Amino acid sequence: MYLCTRAFVPRTTYTHYLPLSIMRKIIVTVAPVCHVGKPIPADVKNPLTPEEIARDTIDCYKAGACEVHLHTRDLQGNPTFELDVFRQTIGLIRKETDMIVQGSTGGLSTLTLAERCVSLDVPEVEVASLNMGSVNFGETVYINTMPDLRYWAKRLDETHTVPEMELFDLSHVECATRLADEGVLHRPLHYNFCVGPGNSSNLSATGRNLAMLCSLMEPGTTWGITHDSMKDFSMLACAIGMGASAVRVGFEDSFYYAEGIRAHTNAELVERLVALIRMMGCEPATPAEARAMQHIEAFTI
């Protein structure tokens, strides 16, 4: 949809002459809340309360993010499935932004199917992650069977929520195609390639793996990347250069933006990513542009 034929063009030779309205746009998503059990540096504040998460998200919006992948926590940092907390957080975000809110059909394998997609019961959720299969996470298995996927895809349809397909393995590309052929998923598809160490994906973060994944995609699809435990932004830059339409940062994924250098806030990560996007001759998408790119219905704040 938004194609860039050059991996890197200095801004002085490209963006200076090309109007912003026709530049390639990149969706910047922020996932502001740390995973449960993830070590948090002493000088980093992980947002937990609705007010803290909303304030962090609004700061990221001002820095250039157009979408938030939202999880809520109790005061001890544990996941909470209280929809009142989720709704309160979204309400605070929506007071000051028109950001896209992304929920989840993920969650722990020990939860029921309904519990794993409870965020879909909140009308403000416009996009939701949809895992495309089971995966080995370290010594455990993250279970997402084909019947599970069909159940969640039906719930997405019922709630008019756009799926972002999470791929942790090469075989997950075929799963997405199979479900689309069944009519369970609707084309055009949008993939999110989840790469990282063995405790978070079957796909290590390499350009070779991204190339293999892209080679398996069917025509007309778009894709983005999530790099768990990243030490720098090199894989995000690689993905942008290869044609990704979406990239993600945030404390859920990593505190680092360069080797040995970490951010103290989610907004700092977004600022650094937006600077990288512009250095590569592209522009961060606005929420309205991102809705059009993801075929989300028109939104009025």
Relative contact order in percent for the chain (Cα pairs under 8 Å, 6+ apart) equals 25 percent
Amide H contacts under 5 Å for Glu126, restricted to residues at least 5 apart in sequence or on another chain and with H modeled in the peptide plane, are Val101, Gly103
Of Asp59, Asp148, Asp253, which has the most accessible area with a 1.4 Å probe, and how do the rest follow in descending order?
-> Asp59, Asp148, Asp253
Between Ala205 and residues 5 or more places away or on another chain, the pairs with built amide H atoms under 5 Å apart involve Gly196
Considering only Cα-Cα distances, which of the following residue pairs are longer than 20 Å: Lys62/Lys95; Lys62/Lys231; Lys45/Lys95?
-> Lys62/Lys231; Lys45/Lys95
Apply the Karplus parameterisation 6.51 cos²θ - 1.76 cosθ + 1.60, with θ equal to phi minus 60°, to every residue of segment 137-147 and state each ³J(HN,Hα) to the nearest whole Hz, in sequence, with x for glycine and proline.
-> 10, x, 9, 10, 10, 8, 8, 9, 7, 4, x
Positive-pole candidate from Ala176, Gly243, Thr112, dipole of the chain, charges at beta carbon | Gly243
Whole number in Å², please: accessible area per residue of segment 221-301, 1.4 Å probe, ligands, DNA and RNA not counted.
-> 36 Å²
Whenever you get a sec, compute what percent of the accessible area on the chain sits on carbon and sulfur atoms (1.4 Å probe).
-> 57 percent
For an R0 of 25 angstrom, estimate the FRET efficiency from the Cβ-Cβ distance between Arg187 and Ser215 and round to the nearest 0.05.
-> 0.85
So how many Å³ per residue does the convex hull of the Cα atoms of segment 162-301 work out to?
-> 123 Å³
Karplus ³J(HN,Hα) for segment 244-256 (6.51 cos²θ - 1.76 cosθ + 1.60, θ = phi - 60°; Hz, whole; x = Gly/Pro) runs 4, 9, 8, 9, 9, 9, x, 5, 4, 9, 5, 9, 9
Just order 136-143, 113-120, 35-42, 254-261 by mean Cβ neighbour count inside 10 Å, highest at the front, would you?
-> 113-120, 254-261, 136-143, 35-42
How far apart, in nm, are the 7 Å Cα→Cβ label points at Thr49 and Met279?
-> 3.7 nm
Using alpha-carbon pairs under 8 Å, 6+ residues apart, how would you state the relative contact order of segment 75-169 in percent?
-> 26 percent
When the dipole is taken about the Cα centre of the chain, and only Lys, Arg (+1) and Asp, Glu (-1) are charged at their Cβ, what size is it in debye, to the nearest 20?
-> 800 debye
How much mean residue ellipticity at 222 nm does the chain get from its helices, if each DSSP H run of length 4 or more adds -39500 (n - 2.57) and you divide by all residues, to the nearest 500 deg cm²/dmol?
-> -9500 deg cm²/dmol
When the Cα centres of segment 171-247 and segment 44-70 are compared, how far apart do they sit, in Å?
-> 25 Å
Just one of (1) 60, 45, 33; (2) 53, 44, 42; (3) 88, 59, 38 is Cα extents along the principal axes in Å as worked out from the coordinates here. Which one is it?
-> (2)
Packing-based ranking, highest mean first, of 100-109, 286-295 given that Cβ atoms within 10 Å are counted = 100-109, 286-295
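The values are calculated or read from the model by the stated rules, or taken from the named source; none is laboratory data. Source: prediction; values computed, not measured. For neighbour counting, all protein chains shown are included, and Cβ atoms are generated from backbone atoms with ideal geometry for every residue, glycine included. In case anyone asks, the SASA skips ligands and DNA or RNA and just uses the protein heavy atoms, side chains included. Shrake-Rupley method; radii C 1.70, N 1.55, O 1.52, S 1.80 Å.
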